[in-house]
Amino acid sequence: MRRIGIVTSGGDAPGMNAAIRAVARIAYSKNLEVLGFERGWEGLMTNTFRPVTPRSVSGIIQLGGTILHTSRSPQFKKKEGIRKAANNLAMNKIDGLAVIGGDGSFKGALELSKETSSLMVGVPATIDNDVFGTDETIGFDTAVNTAVAEIDRIRDTAISHERVFIVEVMGRTRGFLASTVGLTVGAEIILVPEAKTEKERIVKRLAENSAKGKRSGIIVAAEGIGDTRKLGREIEKSTGTEVRVSVLGYAQRGGSPTARSRLLASLFANEAVNLLSEGRENRVVGLQKGEVTSTGLEKSCENEKPLDLSLLRLADALSI
Ligand code: F6P
């Protein structure tokens, strides 16, 4: 192993820069050269890269986003795109590629691994926390804290106006962000795609709360449950309570990474470079029960990470 490449791919996540920094510096400590491809798979297909050195990653550990930029590349879903990328890996003598991204990026890496002798290692970085093989992804803790801070502010106006707020958080089709954010803001109700909640049950719960003297409420909804504005109108009609909907949006993707996200970035990147330098076949690094470990790339792509529904039950018990 002499040269490795880095791509940051898919939705950006706070901590990606800390991971780039750690890959570059651990690689350097092993006399490995590093090339950073621009804009995710796009850069690999167009052969757009720059050397990444221990000095060129100075002062980025605290920065959100990714200095290598990223993209969602439909071209890469085609055989032709994969082949272009594989050719550029060969042409640049890239022995191993660190793919910093989420499950979509890992599925791309799996397809690429079938066309190249370069080894792939996945470094899970996504605010959705939906990667199989790790309890937590880089950026999740930061997104949770960003959402919690926003919702604490929304709670102030909900109490002042005695309103119910539906706060929509990201998470694509999964409820990891909503369940952790909901529990930690003391939400009255948490809505996730993995556990459908009928409107009638929400209305009943709000009526019970109102009977107990609760004049306001926070409902945290994963974006994957559907049209939250429509749901808000329906609940307002059924309860007579003023309901407002707040979509937190892209602020959840940005911001300076928390210490936790930086820690995971450093640990995961270190493990990734170790696996590549040991010549280990196509893995995804991760944290399992507090241990840094790794899972086969194919296994990670083929399995869906289960959502721990006990968080919802706990939030329910705590919102009495
Ligand atoms: O995967 C991260 C994420 O922020 C999801 O939570 C969200 O559904 C999606 O990306 C938004 O995608 P885009 O950046 O393409 O709008």
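Laboratory data are not the source of any read-out in this text; all were calculated from the coordinates shown. Only a predicted model underlies this, so the values are computations on that prediction, with no experimental measurement involved. Every residue, glycine as well, gets a Cβ built from its backbone with ideal geometry; the counts of neighbours run over all protein chains shown.
Side notes on the structure shown:
- With 10 Å bins beginning at zero, the pair-distance distribution over Cα atoms of region 126-267 amounts to 12, 43, 30, 12, 3, 0 %.
- Whole-percent pair-distance distribution, where bins are 5 Å wide, for the alpha carbons of region 187-320: 2, 8, 13, 14, 14, 13, 10, 9, 8, 5, 2, 1, 0
- Using the Karplus relation 6.51 cos²θ - 1.76 cosθ + 1.60 with θ = phi - 60°, the per-residue 3J(HN,Hα) values for region 165-180 come to 10, 9, 10, 8, 10, 6, x, 6, 9, 10, x, 5, 5, 4, 5, 6 Hz, with x marking Gly and Pro.
- Amide hydrogen proximity for VAL167: with H placed 1.01 Å from N in the peptide plane, the residues at 5 or more positions away or on another chain lying under 5 Å are ILE219, VAL220, ALA221, SER246.
- Summing charges over all other residues whose Cβ lies under 9 Å from the Cβ of GLY217, with Lys and Arg as +1 and Asp and Glu as -1, gives +3.
- Column: log10 I(q)/I(0), Debye, Cα scatterers of region 88-172, q = 0.10, 0.19, 0.20, 0.25 Å⁻¹: -0.42, -0.86, -0.91, -1.12
- Scattering profile of the chain at q = 0.07, 0.12 Å⁻¹ [log10 I(q)/I(0), Debye over alpha-carbon scatterers]: -0.31, -0.78
- Under the combined filter of DSSP loop state and at most 14 neighbouring Cβ atoms within 10 Å, region 1-62 retains none of its GluC sites (Glu not before Pro).
- Look at the alpha carbon pairs under 8 Å that are at least 6 residues apart: their mean separation over the length of region 71-211 gives a relative contact order of 15 percent.
- Residues with amide H under 5 Å from that of GLU194, placed H, sequence gap 5 or more: GLY175
- Computed E for ARG201/LYS93 - FRET, C-beta separation, R0 51 angstrom, nearest 0.05: 0.30
- Residue-wise HN-Hα couplings along region 256-270, as the Karplus relation 6.51 cos²θ - 1.76 cosθ + 1.60 with θ = phi - 60° gives them from phi, are 5, x, 5, 4, 4, 5, 5, 4, 4, 4, 5, 5, 5, 5, 4 Hz; Gly and Pro carry x.
- Environment charge at ASN145 (Cβ cut-off 12 Å; Lys +1, Arg +1, Asp -1, Glu -1): -2
- Hull shadow area, averaged, region 28-74 [alpha-carbon convex hull, nm²]: 3.9 nm²
- For LEU97, the residues whose modelled amide H falls within less than 5 Å of its own, excluding neighbours fewer than 5 places apart on the same chain, are GLY5, LEU119, MET120, VAL121.
- Length added when fully stretched, GLU208-GLU278, from 0.36 nm per residue minus Cα-Cα: 19.3 nm
- Trypsin sites (Lys or Arg not before Pro) restricted to DSSP loop in region 250-320 with at most 12 other C-beta within 10 Å: LYS289
- Helix-only mean residue ellipticity at 222 nm for the chain, each DSSP H run of n ≥ 4 adding -39500 (n - 2.57), per residue, nearest 500: -13000 deg cm²/dmol
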